[in-house]
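Working notes for the structure below.
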Amino acid sequence: MKHRGSIRDGALLLTILLGLASVVGLSRWLDSHRPPADPALEEEQLYLNATTAKRMSLGFNGLAADWYWLRALQYVGGKIIEGRSNVQIDRLGQLNLKLLAPMLDTATTLDPQFMQPYQYAAVVLPDLDLPEAIRITRKGIAANPSAWQLYLQLGYIYWLEKDYQAAGDVYDQGAKLPGAPSWMEAMKAKMALEGGSRELAREIYGRMAEQAADISVKDMARNRLIQLDSFDQRDGIRKILSEYQSKIGRCPSSWKDVSEALGKAGLPLDASGAPLDPSNTSYRLVEKGCDVDLDVRSTVLRK
């Protein structure tokens, strides 16, 4: 009995070692065949296509999928550093990210139940490659038909594209799945009635901040919610500036001229009477005091 247990333990250890060796071998092969990191190249090629990578993983597809997922994140991070850009992950169209869609596609082919690459694709790819964003998200739904979270992501893509009919239909389909939250059922009607509204955007990003598995997606959603708060604040400030101009016959020369009205409107103010944005930075008067804008020091998103 003891002898058989030793054989089983030895077989298990050998299996683990073979799996690790296959993943290490795959990683080394990929690194040795990596295309030059030259942003001027017209075409970049994926290290391995999904089928080949799956074959080389020797059945350890989950580990290989993790490798591709981590490489995808490193790839995006490297491009951001290379471009010295401070951009949101949902606004990366200005970067040369030709490998991202194939990497995410390969990770999800290796492990079709790996949810994070699907969700990341739904947020990042629409600004880079809309058809791929839709295809990979639908691929996730096909592989995980009971995952209502993927319907949330696909609805988000259609909402971004202002295809409110398609977005509403997707939310409606997701709402019928076991475990789907009750608010999804109302999204179809909201898409039809409030498709382009700021309030619906707030709800979508709020749900995304709650449900997203990836921290960068959560951060993106929270930053968009802060941006929406700032939009509302600036609308209120513009109204006060316009009322002052109508009453006095000129635009305010400084925030002190309207600080009382700003305070009554519930806007937070600094010591000089200037309204503060959600990052606790003072707004600035522009166009000779007739309009308001973010200060250069503000961390609130501009786009």
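For the reader, a short list of remarks on this structure follows.
- Number of residues in region 187-221 that are surrounded by 14 or more Cβ atoms within 10 Å (Cβ to Cβ), out of contact with any Gly (no Cβ under 9 Å at 6 or more places or on another chain) and not in a loop (DSSP other than H, G, I, E, B) equals 16.
- Set Arg238, Arg224: member being surrounded by 19 or more Cβ atoms within 10 Å (Cβ to Cβ), under 30 Å from Val87 (Cα atoms), touching a residue at least 40 places away in the same chain (Cβ under 8 Å) and charged (D, E, K, R): Arg224
- Filter result for the condition that a residue is in contact with a Gly (Cβ under 9 Å, 6 or more places away or on another chain) and under 14 Å from Ala212 (Cβ atoms), over Tyr118, Tyr158: Tyr118
- Residue ID - nearest to the chain's Cα centre (by Cα), chosen from residues in region 243-271 that are in a helix (DSSP H, G or I) and aliphatic (A, V, I, L, M): Leu262
- For Arg91, the criteria (1) outside any loop (DSSP other than H, G, I, E, B); (2) among the basic types (Lys, Arg); (3) within 27 Å of Ser197 (Cβ to Cβ) hold in every case but one, which is (1).
- Hits in region 162-174 (condition: surrounded by 20 or more Cβ atoms within 10 Å (Cβ to Cβ) and in contact (Cβ under 8 Å) with a residue 24 or more places away in the chain): Tyr164, Ala167, Gly168, Gly174
- Any hit, region 281-296, residues being of a type in the set (Ser, Thr, Tyr), surrounded by fewer than 13 Cβ atoms within 10 Å (Cβ to Cβ), in contact (Cβ under 8 Å) with a residue 12 or more places away in the chain and not in a helix (DSSP H, G or I): no
- Filtered by the rule that a residue be acidic (Asp, Glu) and without any contact (Cβ under 8 Å) to a residue 60 or more places away in the chain, region 190-218 gives Glu194, Glu199, Glu203, Glu210.
Computed from the coordinates by the stated procedures, all read-outs in this text should not be read as laboratory data. Please read all numbers here as calculations on a predicted model, not as lab measurements. Don't worry about glycine lacking a Cβ; one is built from the backbone with ideal geometry, like all the others, and counts go over all protein chains shown.
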